[in-house]
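Participant: One structure, as structure tokens, below. Some questions next.
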Amino acid sequence: MFRLDKVPLLFHRLGLARWMPERFVILTTWGRKSNLPRRVVVDAIRTGGAVYVACSRGEATLWVKNLQSRPVATLQHGAQTWFMQARLVESDSEEEDVLSSLKRLSPVTYRRFRRDRSISDSAPAAGARSGRALFMRFEPGPATGPPPLDRDLCWLVPALALAMLALLMAAREVVGAC
């Protein structure tokens, strides 16, 4: 079954991640049961020397559970890789700061986030927390973390371009022969 949420991971493996919006990063965690690398593309906010990621389903999100079990992660965008330490944002004031940054940097994501969490625009998010995480904070951490996603399919893009060029040239010869 094809999953649309995996397309950015394929873009990265093909070496095309530099054309993805900068706020989309690949988050790699250790699986809490399997101890294998687990990857997901997340919408990250960089503010105040840290990186924040909204937990759309709160603590039920699988990558949040993985990070609660082992709070080290790898974040990637394009050719850049960061090994990070993760923690849930528990301070109401920090949460409000992140929400105001989200509103300023990505209004569409902000509105979707508040709608998905059933938070009215007039109500403070912290008051609607009801025991569920809203954001995960990432700060520079250990020298290593889960292995970053490789760009192991980079060869495929030029190979496909050459194949298409060969097909176009063959089609031109067939048309020219008629």
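Just so you know, all these numbers are worked out from the coordinates, no wet-lab data involved. The structure displayed is predicted, hence computed values, not measured ones. As a convention, Cβ positions derive from the backbone with ideal geometry for all residues, glycine included, and neighbour counts pool all protein chains shown.
Participant: Compare the Cα positions of 157, 60, 88 along the charge dipole of the chain (+1 at Cβ of Lys, Arg; -1 at Cβ of Asp, Glu; about the Cα centre) and return the one farthest towards the positive end.
Facilitator: Checking the options against the dipole of the chain, the answer is 60.
Participant: Taking 0.36 nm per residue of sequence separation and subtracting the Cα-Cα distance, how much length would be gained by fully extending the chain between residue 16 and residue 172, in nm to one decimal?
Facilitator: Contour length minus Cα-Cα distance gives 53.2 nm.
Participant: A follow-up question, please. Can you tally the net charge around residue 25? Count Lys and Arg as +1, Asp and Glu as -1, for every other residue whose Cβ sits under 10 Å from the Cβ of residue 25.
Facilitator: 0
Participant: Give me a comma-separated list of calculated 3J(HN,Hα) values for the stretch 76-90, in order, Karplus coefficients 6.51, -1.76, 1.60 applied at θ = phi - 60°, integers in Hz, x for any Gly or Pro.
Facilitator: 9, 8, x, 8, 8, 9, 10, 9, 10, 9, 10, 7, 6, 7, 10
Participant: When the convex hull of the C-alpha atoms of the stretch 7-73 is computed, what volume per residue in Å³ does it have?
Facilitator: Taking only Cα atoms, the stretch 7-73 has a hull volume of 105 Å³ per residue.
Participant: Mind sorting out which of [x] -0.44, -1.31; [y] -0.45, -1.19; [z] -0.55, -1.19 is the real log10 I(q)/I(0) by the Debye sum over Cα atoms at q = 0.11, 0.18 Å⁻¹ computed from the coordinates?
Facilitator: Only one option fits the structure, namely [z].
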